[in-house]
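Q: Can you keep this structure in mind? I'll have questions shortly.
The values are calculated or read from the model by the stated rules, or taken from the named source; none is laboratory data. Model, not experiment: these values are computed from the prediction. Glycine gets a Cβ as well: all are built from the backbone with ideal geometry, and neighbour counts include every protein chain shown. With ligands, DNA and RNA removed, areas are computed over all heavy atoms of the protein, side chains included. Shrake-Rupley method; radii C 1.70, N 1.55, O 1.52, S 1.80 Å.
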Amino acid sequence: MDIINEGACIVQPLSPGWYNNRVAGIDMLRLDAIHPIISGNKWFKLKLNIAHALKEGSKGVLTFGGAYSNHLVATAAAARENNLSSVGIVRGLHHQHQPTDTLLKCVAYGMQLKYITIQEYRHKTDEEWLIALSAQYADHIIIPEGGANEEGRMGAGEIAQHIPACYTHICLPVGTGTTLAGIRNALPEAQEIIGFAPLKGGDYLNEALRPFIHKANWHITDRWHLGGFGKHGDELITFMNDFYGINKIPLDIIYTGKMMVGLHAMVAENYFSPDAHILCIHTGGLQGNTSVSERLCYAGS
Ligand SMILES: *Cc1c(COP(=O)(O)O)cnc(C)c1O
């Protein structure tokens with residue numbers, strides 16, 4: 001799939017003034033640069049799932065997501081590029097009447113959407129429910145929500161190839177934790193990994209991910225959920241505009257914006273020693289900024 005340009009993910013230094021020179025350096029790995037839609041970590045989590053579907057000779061892929069899901073739209077675009085059909089199971093019947101920009105993009109990429117109630121969506125990992133679903137969509141392989149399977153973790157592990165050994169700390173936002181697990185397993189244990197969960201209670205992942213991670217020196221914090229998943233108050237928007245003004249890097253409202261709020265605070269609290277060399281991963285998600293584009297000083301996509 002050559003429309004994805006993994007080579008475009010550069011490492012970009014942040015302005016030392018942004019972190020008051022309290023550490024040796026903070027750089028950002030711009031995974032958002034590989035593709036405007038199939039951006040960031042989503043491509044890495046999908047690549048082996050798509051390869052699996054092609055190898056099986058499947059007609060397409062089926063997956064799950066909310067009305068703002070970066071994973072849904074990335075799956076739609078990646079399937080289209082590979083001549084696979086795609087089905088998206090959407091959380092919440094009410095979105096059917098007023099589809100979000102994200103859902104409209106899914107449809108534009110040829111994804112067939114099926115809206116289900118929030119109650120029914122809770123079954124998304126129940127084996128029997130999934131068997132019934134796959135009977136309805138024969139010839140489609142099922143990719144779990146957020147690409148959270150072994151293929152997703154293995155693919156995410158390939159992000160480690162873009163992470164030089166000089167970094168002492170790697171920071172990234174987490175949702176399902178699939179990306180963190182893949183990267184943790186692939187990098188040397190000496191490099192500390194910090195995950196920032198943008199949802200209240202997101203630190204449950206410290207337990208939940210354990211079966212999938214076979215190395216130490218990682219943790220997930222939910223201190224900077226800033227009101228909860230998808231909430232974006234003025235504090236966050238102002239921070240993101242200031243961050244763009246100083247570093248010329250656009251952040252997204254759901255994941256990377258909150259990670260950088262958290263990282264900024266941890267640096268100020270002296271969590272890191274002065275010789276720390278930190279790499280934060282820009283996991284993409286900029287397509288989700290369209291709902292607040294008039295409040296941002298830079299364009300979404
Ligand atoms: C989906 C997403 C994440 C979360 O990735 P997980 O592998 O589910 O933890 C982080 N950042 C962005 C921008 C995303 O779209």
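Q: Using a basic spin-label model with each label point 7 Å from the Cα along Cα→Cβ, how many nm lie between N241 and D126?
A: Distance between the two pseudo-spin positions: 4.6 nm.
Q: For segment 163-212, report the translational diffusion coefficient in µm²/s to the nearest whole number, using Stokes-Einstein at 25 °C, 0.890 mPa s, and a Kirkwood Rh over Cα pairs.
A: Diffusion coefficient, whole number: 215 µm²/s.
Q: Rounded to the nearest 500, what is the 222 nm mean residue ellipticity of the chain from helices alone, with -39500 (n - 2.57) per DSSP H run of 4+ residues and division by all residues?
A: About -9500 deg cm²/dmol.
Q: Explain nothing, just the number: relative contact order of segment 178-301, from Cα pairs under 8 Å at least 6 residues apart, as a whole percent.
A: Taking the mean separation of contacting Cα pairs over the length of segment 178-301, I get 22 percent.
Q: Separate question: So which cysteines of the chain have no other cysteine's Cβ under 4.7 Å from theirs?
A: C9, C106, C166, C297
Q: Determine, from the Cβ-Cβ distance of D275 and S15 and an R0 of 22 Å, the FRET efficiency 1/(1 + (r/R0)^6), rounded to the nearest 0.05.
A: 0.70
Q: Continuing with this model, one more query. T63: net charge of surrounding residues, Cβ under 13 Å, Lys/Arg +1, Asp/Glu -1, itself excluded?
A: +3
Q: Using all Cα-Cα distances in segment 1-97, what percent lands in each 5 angstrom bin from 0 up to the longest?
A: 2, 12, 18, 17, 14, 12, 9, 7, 5, 3, 1
Q: When the accessible area of segment 1-129 is computed with all protein chains present and a 1.4 Å probe, what percentage of it is carbon and sulfur?
A: C and S atoms contribute 47 percent here.
Q: Given an 8 Å cut-off on Cα distances and at least 6 residues of separation, report the relative contact order of the chain as a percent.
A: 22
Q: In addition: In 10 Å bins starting at zero, report the fraction of Cα pairs in segment 210-301 per bin as a rounded %.
A: 14, 45, 29, 11, 0
Q: Between Q96 and Y298, how many nm apart are label points set 7 Å from Cα along the C-beta direction?
A: Taking the two extended label points, one gets 3.9 nm.
Q: Taking Rh as the Kirkwood radius computed over C-alpha pairs, what is the Stokes-Einstein D of the chain at 25 °C in a medium of viscosity 0.890 mPa s, expressed in µm² per second?
A: Here the translational diffusion coefficient equals 125 µm²/s.
Q: May I ask you to give the average projected area over all directions of the convex hull of the Cα atoms of segment 56-156, in nm² rounded to one decimal?
A: 6.3
Q: Could I ask something else about it? Counting only heavy atoms of the protein chains, get the accessible area per residue of the chain (1.4 Å probe) and round it to a whole Å² value.
A: In whole numbers, the chain has 43 Å² accessible per residue.
Q: Let me ask another. Of all the C-alpha pairs in segment 98-146, what % are more than 12 Å from each other?
A: For segment 98-146, the share of Cα pairs beyond 12 Å comes to 72 percent.
Q: What chymotrypsin sites (Phe, Trp or Tyr not before Pro) in segment 239-271 are in a loop by DSSP, with at most 16 other Cβ atoms within 10 Å of the Cβ?
A: Y271
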